[in-house]
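What follows is a short report on a single structure.
The values are calculated or read from the model by the stated rules, or taken from the named source; none is laboratory data. Values in this document were obtained by computation on a predicted structure and should not be read as measured data. For neighbour counting, all protein chains shown are included, and Cβ atoms are generated from backbone atoms with ideal geometry for every residue, glycine included.
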Amino acid sequence: MSFWRMRIRPLAWLRSLHAKLFLLLGLVTSVLTVAVAYSIVRNSRRELESYSRKLVLEAAGTVETDIVERDPTFKDPDKLDQLLDSIAGPDRSIFQIDVFKRVGKYSEVELVRSSGDEGVVDWGPEIGSYLTLKSPQAELVDLNTGGRAWKVYLPIHSHKPGQPPIGLIRAYCDLERWEVVWDNNLKRTLRILPGVLLGEFILLWLILRLLISDPIEAMVLAMQQLESGDPSARAPVRRSDELGLIAARFNNMAVQLERAGEEREALIREIRGLNANLQDRIDAALSELLAKNDELAALVERNALLREELGAQERLAVAGQLTATFAHEVGTPLNLVAGHLQLLDAQPDLPDKTRERLRVIHAQIQRVGDIVRRLLDLTRRPQLHKEPQPFSALLADLQQLWTPTLAAHGVTVEAEAPADCCLDVDRKQMEQLFLNLMNNAIDAMPGGGGVRLTARPSEESTPGGLWWELRFQDSGQGITPDLLGQVFRPMFTTKPEGKGTGLGLSICREIVRNHGGEIRIDSDEGKGTCVVFTLPGVVKT
């Protein structure tokens, strides 16, 4: 029903809290998403140029090593031809290598061999000046074909110390094929970006609708019913967060008002009974009855004043709870947005204009954050709702959630745990932890595979504190050693572009640490990944 009201009254929706939060967070998330996409594409171009430069330097170094080891006097040019043909050519990234030898005692060189057409090789006396280089020199040059290439000069030094270079190597690396790779990455990013932004907007809309707008509308409707004189009005919100607390306080207030109304009716009936019983004595005790009536009228007036004061105090309490809830719900995403802005601002390769805009955004978020923090001083941070959770029952519920997805991807699950395994944890956070781990395992096994889940008492357990070590092992592709130390970083993912958010393992680590445990990852590339973490258990007496 609220959706149709929104369609019929768009201006009213624009004035709502849901619209303001949606527009603000939508703008921030879209700017962040576009900035991240731009940074990734820009870095990929730099990495391609750096890789091609390294490639041509390594090729020149290979030629130098082979000449020094096999033919330092250039007596066998045919062998040099074979080496150059194996490294450079028109269909390769290293499309041409020219080898010059030193002539005389001065900086004079002559061409020995070239992987290209020696008749059109461009060289002159000035090339001899590169013999004095202390290290290889690489520079980007424009080709006649309209493309660009790396041109590298590398002096050939003999093994004899103190001797001048015996020759010079000039190598070219064409960047045309690398430009094609970069263009493909850019086009793919531009195709995916609108879908990502649309998905973010839809998800943000639904989250704000379910978490804020619908509960508030339900409570407002209950308040309107109570104001219209319906003492049975109740807020149908059943949650454990601040909105649920406000609803519970409202319901308590409604119960008290209903009880006060019943007491008033009982008091009126009692007064009517007294009037009936005193009717026979009215003439003899008229003065006494008048005094009692005056006292009763004063009591009724005082009762009405007290009820009005109670209603005002309860409305102020509800307003305070609403303020605290708003401060908490808005402050948390603002802190997250500010943290990610700081991470983005810390990147050294951001353009100055982009960095200036990020600072403006960060300053405005800090301004709103200061207001929110003053409101949050009136509230307390919610605690974990830990309770004993038998591992077998938790696993059975998770199996019902996993089964459709596992069947669709050809993944099997094998679990092994002692019958007395019982965890002292928050149930909802455990479901989120295991679902995140299972989603990662399924993505690591695109062709199907197996997952093995085991639980055993941890070596850290003591008689006064029991800890369980859980191991989540998959048979997927594994993680390379150079990436293993980064998997818990927010926004870092080893999945293909557009498939992962980089938040799953970061959230898992926070859940485990909030319960006092530790988490780590063991992985062998090509053999699978094992996530090992500890959780508190229930000590049986």
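Which one is farthest from residue 95 (Cα to Cα), of the residues in the stretch 133-179 that are surrounded by fewer than 13 Cβ atoms within 10 Å (Cβ to Cβ) and of a type in the set (Ser, Thr, Tyr)?
By that ranking, first place goes to 135.
When you look at residue 288, is it of a type in the set (Asp, Glu) and at pLDDT 80 or above, yes or no?
It is false that residue 288 is of a type in the set (Asp, Glu) and at pLDDT 80 or above.
Quick one: which of 415, 444 is assigned by TED's automatic domain parsing to the domain that holds residue 517, modelled with pLDDT of 90 or more and not aromatic (Phe, Trp, Tyr)?
415
Among the candidates 89, 26, which residue alone is surrounded by fewer than 16 Cβ atoms within 10 Å (Cβ to Cβ) and more than 26 Å from residue 163 (Cα to Cα)?
Details: 26 fails: surrounded by fewer than 16 Cβ atoms within 10 Å (Cβ to Cβ).
Of 89, 26, the one residue that is surrounded by fewer than 16 Cβ atoms within 10 Å (Cβ to Cβ) and more than 26 Å from residue 163 (Cα to Cα) is 89.
Residues checked against (1) farther than 27 Å from residue 28 by Cβ; (2) touching a Lys or Arg at 6+ places or on another chain (Cβ under 9 Å):
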site: 204; (1), (2): no, no
site: 209; (1), (2): no, no
site: 219; (1), (2): yes, no
site: 234; (1), (2): yes, no
site: 249; (1), (2): yes, no
site: 260; (1), (2): yes, yes
site: 266; (1), (2): yes, no
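Taking the stretch 517-541 as the search range and keeping residues that are part of a strand (DSSP E or B) and in contact with a Gly (Cβ under 8 Å, 6 or more places away or on another chain), which one is farthest from residue 434 (Cα to Cα)?
Among residues in the stretch 517-541 that are part of a strand (DSSP E or B) and in contact with a Gly (Cβ under 8 Å, 6 or more places away or on another chain), the one farthest from residue 434 (Cα to Cα) is 524.
Return yes when residue 197 is surrounded by fewer than 17 Cβ atoms within 10 Å (Cβ to Cβ), hydrophobic (A, V, I, L, M, F, W, C), touching a helix residue (DSSP H, G or I) at 6+ places or on another chain (Cβ under 6 Å) and closer than 30 Å to residue 243 by Cβ and no when it is not.
Yes.
Collect the residues in the stretch 30-63 that are within 30 Å of residue 113 (Cα to Cα), within 34 Å of the chain's Cα centre (by Cα) and surrounded by fewer than 16 Cβ atoms within 10 Å (Cβ to Cβ), keeping them in residue-number order.
50, 51, 54
Would you check which residues across the stretch 517-541 are touching a strand residue (DSSP E or B) at 6+ places or on another chain (Cβ under 6 Å) and farther than 13 Å from residue 469 by Cβ and list them?
521, 523, 528, 529, 538
On the basis of being part of a helix (DSSP H, G or I) and either touching a Leu at 6+ places or on another chain (Cβ under 8 Å) or touching a residue at least 40 places away in the same chain (Cβ under 8 Å) (or both), does residue 423 make the cut?
no
Assess whether residue 152 counts as being under 51 Å from the mean Cα position of the chain (by Cα), on the phi < 0 side of the Ramachandran plot and at pLDDT 85 or above.
In short, yes.
Are any residues in the stretch 96-111 surrounded by 18 or more Cβ atoms within 10 Å (Cβ to Cβ) and among the acidic types (Asp, Glu), and if so, which ones?
The one that is surrounded by 18 or more Cβ atoms within 10 Å (Cβ to Cβ) and among the acidic types (Asp, Glu): 98.
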